[in-house]
Amino acid sequence: MSEISSLTELLRQSGGQFRFFDMGRRVQKFSIEQFEKIENQQTPYPYPYLQHAWVALMVWNPKDKQQGAAWFLKLPLDEQGFLIQAVRDDLLSRLLKNAGGVMQHEKSGEVPEDALKDNPFSFKPDQEKMALFHAYSTLTSSDPASQYFEQAQQYFSGQMGFDDWQSLGFQGIADLVVRHQNGNNSKILTKSIPLLPDVPFEVLCTCLESIEPDHKLYEALCLRAEQTLAKGTANANHIAALTRGLSNGPNGARKMALIKQIVTSEYALEPEVIIAVATRCHECLQDPAILAIFLEKLAIGKGGQNGFSRILSDLMFMPALRALILMQFRNEDRSPELTTAIGEMFGTNFS
């Protein structure tokens, strides 16, 4: 047998089933073929966050679904966004060593839970992302949703009354949203959006960022966003959640107009809102008009110089945005406040 030289090759030969998820800005699946190109440095990591790839690897035995494991890996990227080869080699070595050679489990399809125990690249996802990952993992392996799913389904269909939300579990909402394409779940969510109190609506939005909503569901979300922004009475946390909910919809004119309205408003001075735009709506920031407004708001925002520098260092790690941001920095019409913030970040001789 030839020497195993990649994680995907090892996992394929283990006999188990496996899937990769990105856990950085949102929770999203990506293909095995895509990860294979990433680990072989044929393509940069497509979803960098804070200069790392935040990856969940789910492995299970198709013959016995109780035998499975999930590993959460924070993998450093180089300046061009490629996975550092030494990191991949270290993980491969640990899998081969700690699993006693994963190939021992080829017949059973089992991969030991501690195969990547004590590796220096592990991280613990926050509760929101963990709930969404659990929802995706059970859907992927064709397992039932959590015990909280049915109650969430009843609540969003209006059977419990929309004011009776205090007993809802976040996991149940995550299960419902991730299973939006099953049965009439998307229709249930769509009908509920105009009727939801602020708190369950905000929770729903934090889950919606991790799916691609269908047309009717996204239309309902946009309509509520437009009404909320027109009133102008919502707090910053609500607008931040709304921004997250809008973020993974199609990049059409309506979405772009809403994100532009948010960054133009006084809400964009609040750290919660500008961070939501920066971390979830980076594709919208490729529009020069939106990016220009965003940078001006960031320069005078309540996050101060530290917030300005940290957010931009993350955004400029993305090749598509880096060039656009540098163009805006050289714009002669930029404000004195933006000029000062740029000087503080890069030095007064930046040009």
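Number of residues in segment 220-237 that are under 25 Å from LYS129 (Cα atoms) and assigned to a helix (DSSP H, G or I): the value is 7.
As for segment 52-74, it holds no residue that is within 23 Å of THR140 (Cβ to Cβ), of a type in the set (Asp, Glu) and part of a helix (DSSP H, G or I). Every test in (1) farther than 16 Å from GLN28 by Cα; (2) in a helix (DSSP H, G or I); (3) among the hydrophobic types (A, V, I, L, M, F, W, C) is passed by CYS205 save one, and that test is (1). If the Cβ limit is 7 Å and pairs must be 6+ apart or interchain, which residue in segment 312-325 that is of a type in the set (Gly, Ala, Ser) pairs with which residue that is surrounded by fewer than 18 Cβ atoms within 10 Å (Cβ to Cβ)? That search, which allows pairs on different chains as well, returns ALA320/GLN286. Of all residues in segment 164-187, those being closer than 14 Å to ALA220 by Cα and surrounded by fewer than 20 Cβ atoms within 10 Å (Cβ to Cβ) number 1.
Residue-level check: of (1) out of contact with any Cys (no Cβ under 9 Å at 6 or more places or on another chain); (2) closer than 19 Å to VAL27 by Cα, ILE173 misses just (1).
We did not get these values from a lab; they are worked out from the coordinates using the rules stated. If you're wondering where the values come from, they're calculated on a predicted model, not measured in any experiment. Neighbour counts are summed over all protein chains in view; Cβ atoms, including those assigned to glycine, are modelled from backbone coordinates with ideal geometry.
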